[in-house]
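Below: the structure, in structure tokens.
All of the numbers you see were taken from the coordinates with simple rules; none came from a lab. What you see is a predicted model; the values in this text were computed from it and never measured. Glycine also receives a Cβ, built like all others from the backbone with ideal geometry; neighbour counts cover every protein chain displayed.
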Amino acid sequence: IPLRLVGSEMCIRDRFTPDLDCPTCREPFGEGKSLLAFAVAEEVQHECRHQGCTKTTPVDQIVQHEKECKWRLVLCPGSGFNCTAMIPFCKVEDHVQSCPDCDWPPTEHPVDGEEEDFVIVESIFFVDGEDGRNTTEIIQFEGKLFFCRKFRNNGTFTVDVVMKGSLEECEEFLIEAAVLDPNSDSYDDKKASFQPRPLKEDNKPGFCLTVPQELMSGVCKYNAELAEYDIKVLVKVIKLG
């Protein structure tokens with residue numbers, strides 16, 4: 001009796017009788033399934049769907065592998081003003097070195113315990129009040145790359161930090177972000193603590209620093225010569241555990 005693949009299951013069917021009766025005992029097959037066929041199907045190696053990856057895994061592991069595959073496609077972590085490329089996760093560092101929406105090389109984050117263990121990120125917005133995005137500044141810390149995305153949209157100033165790593169790796173770090181007062185170097189309540197989000201197929205911010213436009217007037221330094229607002233953002237990366 002032949003084996004036939006139906007969907008993801010292999011079943012025994014009589015190819016000669018339209019009523020699907022057993023050709024030997026003439027009893028109907030019903031919904032019975034071949035345990036041997038199932039065992040064979042589970043041992044079949046499945047190829048990863050991501051271009052560039054040559055790994056094969058059993059059927060019960062392929063979904064998890066493709067989710068974590070280094071060849072999975074992610075959206076460029078830049079501002080998105082000029083570049084919206086989908087790139088393999090393992091090629092992100094190569095891409096951002098020449099991406100017009102990213103600042104390269106990365107800034108080295110001071111190690112924990114140093115007197116100034118933070119990075120000052122400068123942002124510039126035009127006075128016309130239109131929405132805008134600045135180039136993404138990159139921070140390197142503990143062997144990881146962190147992408148600091150800054151933009152103003154619908155009256156809200158946002159600082160979003162993305163990390164080149166898995167969700168589990170992101171949970172090992174904490175970001176402290178704040179908008180500095182140019183007159184006093186204080187940041188009062190315009191600050192937030194959150195975990196970086198992993199690179200993924202979109203750049204939708206998760207938990208991050210968001211400040212309404214009406215609260216930004218006291219922390220924006222106007223540059224009359226360039227007719228621009230200068231904003232300084234403090235970003236601190238903390239290794240947990």
| remark: The FRET efficiency for E93 and Q45, from their Cβ-Cβ distance with R0 = 25 Å and rounded to 0.05, is 0.25
| task | Show me 118-124, 193-199, 173-179, 85-91 ranked by packing, highest mean number of other Cβ atoms within 10 Å first. | result | 173-179, 193-199, 118-124, 85-91
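Using a 10 Å cut-off on Cβ atoms, rank the peptides 201-211, 221-231 from the highest mean neighbour count down.
Working: 201-211: 15.4, 221-231: 13.1.
In descending order of packing, they fall as 201-211, 221-231.
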| query | At what distance in nm do the modelled label points of N223 and I238 sit from each other, each positioned 7 Å from its Cα along Cα→Cβ? | reply | 3.2
